[in-house]
Amino acid sequence: MSTIAWTEDTTARSAVWHSENGAPAPARLTTADDSLSADHAFRRIKAGEALLWRGDYNNGRQLLSALGRRADRVRTAQPRAARGLGALYEYERTKRRTRAGILGSVLVELDANNDLDLRRAPDVRAACEAAYGPADRPRVVAFTELLGVLSAYRWQEQGVEVPALGARVYPTYGVFSPTRSEYVDLVAEAPLGPEVRSAFDLGTGTGVLAALLAKRGVAEVVATDINPRALRCAADNARRLGYAKVITVAGPTLYPPGRADLVVCNPPWLPGVPTSDLERGVYDQDQSMLTEFIRDLGAHLTPGGEGWLVLSDLAELLGMRPADHIPNLVDKAGLRVVDTLTTRPRHPRATDRDDPLAAARTAETTTLWRLRLP
Ligand SMILES: C[S@@+](CC[C@H](N)C(=O)[O-])C[C@H]1O[C@@H](n2cnc3c(N)ncnc32)[C@H](O)[C@@H]1O
């Protein structure tokens with residue numbers, strides 16, 4: 001846990017520094033309020049200052065929007081078309097990170113009760129407690145991070161409807177949310193005989209696929225994840241859905257000990273370095289989860305058992321993974337592909353023509369690979 005220090009009205013102050021994406025505490029922190037113009041704030045941030053917001057809450061949000069517009073106007077050289085969609089993707093990700101770094105330099109202080117003492121501020125205590133746990137000292141976080149905490153809490157309260165489940169699941173802060181339902185439908189449609197009594201759901205997130213397997217009649221499901229928040233979230237969803245006796249949550253790990261008749265894995269779909277718990281659901285560093293899942297599958301299947309890999313080909317379309325990568329891993333692990341089930345994305349970005357990566361997104365296919373030992 002690191003500390004952040006600043007001087008306010010000639011008084012030396014300090015608080016716990018918290019950054020979900022592991023950003024170090026800023027070296028220069030000064031207070032700012034409604035009298036600060038967006039242009040001036042932008043210049044101060046570009047000069048290396050972080051601003052502790054003491055103004056009105058809504059004005060602070062407007063300042064963030066104004067800083068966002070200024071960050072978007074900063075020109076950076078786009079990669080040449082010949083370098084391909086992968087280079088364009090990396091360029092877009094870097095641009096998003098730079099923008100997030102600028103906006104992330106506007107900070108707020110939460111007091112020792114997780115409260116935010118700003119004019120017109122909403123009550124943030126329950127959301128902060130859900131994301132961070134109880135506080136015992138004041139804590140400084142990025143204003144944008146707090147907005148993410150509040151937005152995640154709304155999802156946690158209202159839940160996400162999962163048509164294949166006929167129910168809602170309740171994602172918590174930092175846990176991958178099943179807002180794209182097409183991959184869940186693949187798991188709902190893949191053939192599952194009555195002989196399948198036990199299953200593992202590796203990288204369970206909210207526990208949505210574990211719950212779906214339970215609904216489909218699998219008697220024992222072990223759900224794992226590397227993210228402790230996901231483990232708590234999956235256990236809570238299993239309880240809410242009435243599957244607490246069927247689903248056991250284990251981890252942090254990929255494979256639990258033992259074997260199962262069915263092993264399901266929906267790893268992060270893109271190779272890349274995750275910078276937060278949430279990004280662990282999107283980026284698979286060195287593709288280690290994908291590699292380990294396929295490599296060790298045979299050792300975790302009961303005789304005649306089956307593995308289901310759920311993966312989109314966005315990485316292949318972006319040139320981040322060779323087209324024969326999965327077949328090669330399957331071959332090397334001594335497995336065979338029994339069948340593949342495919343689906344096309346239905347989320348709005350898939351048809352967003354303004355998205356620079358539209359060419360890849362519109363061509364994206366998600367596949368459920370059914371894998372077995374020979
Ligand atoms: C794409 S999300 C899928 C979540 C959930 N199964 C679903 O389908 O909605 C991938 C999940 O894998 C987890 N994960 C990433 N790397 C992992 C690893 N090495 N071992 C176990 N879980 C991992 C992430 O935390 C995330 O919850």
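Values for this structure:
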| read-out | value |
| --- | --- |
| Solvent-accessible area of ASP33 with every protein chain in place, 1.4 Å probe, in Å² to the nearest 10 | 70 Å² |
| Exposure of LEU341 as accessible area (Å², to 10), given a probe of 1.4 Å and all protein chains | 30 Å² |
| Residue-averaged 222 nm ellipticity for the chain, from DSSP H runs of 4+ at -39500 (n - 2.57), nearest 500 | -10000 deg cm²/dmol |
| Accessible carbon and sulfur surface of the chain relative to its total accessible area, %, 1.4 Å | 49 percent |
| 13 Å beta-carbon shell around PHE42, net charge (K/R +1, D/E -1) | +4 |
| Taking the C-alpha atoms of region 145-276, convex hull volume expressed per residue in Å³ | 107 Å³ |
| Per residue accessible area in Å² of the chain, where ligands, DNA and RNA are left out and the probe is 1.4 Å | 48 Å² |
| Inverse of mean 1/r across different Cα pairs in region 144-191, Kirkwood, Å | 11.7 Å |
| Nearest-0.05 FRET efficiency for SER2 and VAL74, computed from C-beta distance (R0 25 Å) | 0.30 |
| Normalised contact order of region 159-372, rounded percent, pairs of Cα under 8 Å and 6 or more residues apart | 18 percent |
| Accessible-area ranking of TRP308, TRP369, TRP155, TRP17, largest first, probe 1.4 Å | TRP155, TRP369, TRP17, TRP308 |
| For the chain: span of alpha carbons on each principal axis (Å, largest first) | 73, 52, 32 |
| Heavy-atom SASA rank of PHE176, PHE42, PHE293 (probe 1.4 Å, accessible area, largest first) | PHE176, PHE42, PHE293 |
| Over the chain, relative contact order from alpha-carbon pairs under 8 Å, at least 6 apart, % | 12 percent |
| THR343, THR10, reordered so the largest accessible area comes first (probe 1.4 Å) | THR10, THR343 |
| Residue with peak Gaussian network fluctuation, the chain [Cα springs, cutoff 10 Å], from GLN156, GLN287, GLN78 | GLN78 |
| ALA250 paired with ASP324, simple spin-label distance in nm, labels 7 Å along Cα-to-beta-carbon | 3.6 nm |
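The values are calculated or read from the model by the stated rules, or taken from the named source; none is laboratory data. On a predicted model such as this, the values are computed, not experimentally measured, just so you know. Note: ideal-geometry Cβ built from the backbone for every residue, glycine included; neighbour counts use all protein chains shown. Heavy atoms of the whole protein, side chains included, go into the accessibility calculation; ligands, DNA and RNA do not. Shrake-Rupley method; radii C 1.70, N 1.55, O 1.52, S 1.80 Å.
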